[in-house]
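Here the structure is laid out as structure tokens; the discussion comes afterwards.
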Amino acid sequence: MANTPSNMMPLNTKAPDFKLLDTISDTVLSLDQLKGEKATVLFFICNHCPFVKHVNAELVNLAKDFKTEGVNCIGISSNDVEHYPQDGPDKMKAHAAVKGYNFPYLYDKTQDVAKAYDAACTPDFYVFDAALKLQYRGQLDDSRPGNNIPVTGEAIRHALNCILNNVENTQPQKPSIGCNIKWFKS
């Protein structure tokens, strides 16, 4: 299990646009179509990473808990499926059904979206406000596989509550830790 940290994109960066295949609905969707009215949470995930497996249930809870608040969550997988076929679109669709994903699960075939966001690991999280300006990036919470800290989503939940209540997020933003994104081999 690798321990790759987030790259921590600068705050207030405008969310890079994209159009990607949603493996759940089999349609190509854009950021503009998917963004939330008040906030948007993007997470780079995949099927096989133990760090993602550790937080899957909280990703579903997070999306459910904030949907009525005008927050949309979006999952993106950017892994090299030639070398990691378990992360391919057909497997993503099946995985989303088993895990009960209630958010789009997009396939970044070219890895251009991961590069645009400077994503480094799975999971890697980005929280944008209504204007799609970055307000939080980093970890879901302090839990990691094997550290016996409960998965709560505290860091993301706090960031979202700050946006929804129009208050500054003064908590330290810690990088996420996870498996590195499986980049294409040159």
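Things to note:
- Dipole magnitude of the chain, debye to nearest 20 (Cβ charges: Lys/Arg +1, Asp/Glu -1, about Cα centre): 140
- Exposure proxy shown here: for SER78, SER143, the number of other Cβ atoms within 10 Å sets the order, fewest to most, as SER143, SER78.
- P(r) tail fraction, the stretch 13-79 - alpha-carbon pairs more than 18 Å apart, %: 42
- Spacing of the two label points (7 Å from each Cα toward its C-beta) at ASP17 and ASN3, in nm: 4.1
- Placing R0 at 25 angstrom, the Cβ-Cβ distance between ASN166 and THR68 gives a FRET efficiency of 0.90 after rounding to 0.05.
- Put simply, the Cα atoms of the stretch 1-117 extend 37, 30, 29 Å along their principal axes, the longest span coming first.
- DSSP bridge pairs, the stretch 4-180: antiparallel proportion in percent, nearest 5: 70
- Cβ-based net charge around ILE163, under 12 Å, with every Lys or Arg adding one and every Asp or Glu removing one: -1
- Cysteines without a disulfide-compatible neighbour (Cβ-Cβ under 4.7 Å), the chain: CYS46, CYS73, CYS121, CYS162
We did not get these values from a lab; they are worked out from the coordinates using the rules stated. Since this is a predicted model, take the numbers as computed values, not measurements. All Cβ positions, glycine included, derive from the backbone under ideal geometry; neighbour counts span all protein chains shown.
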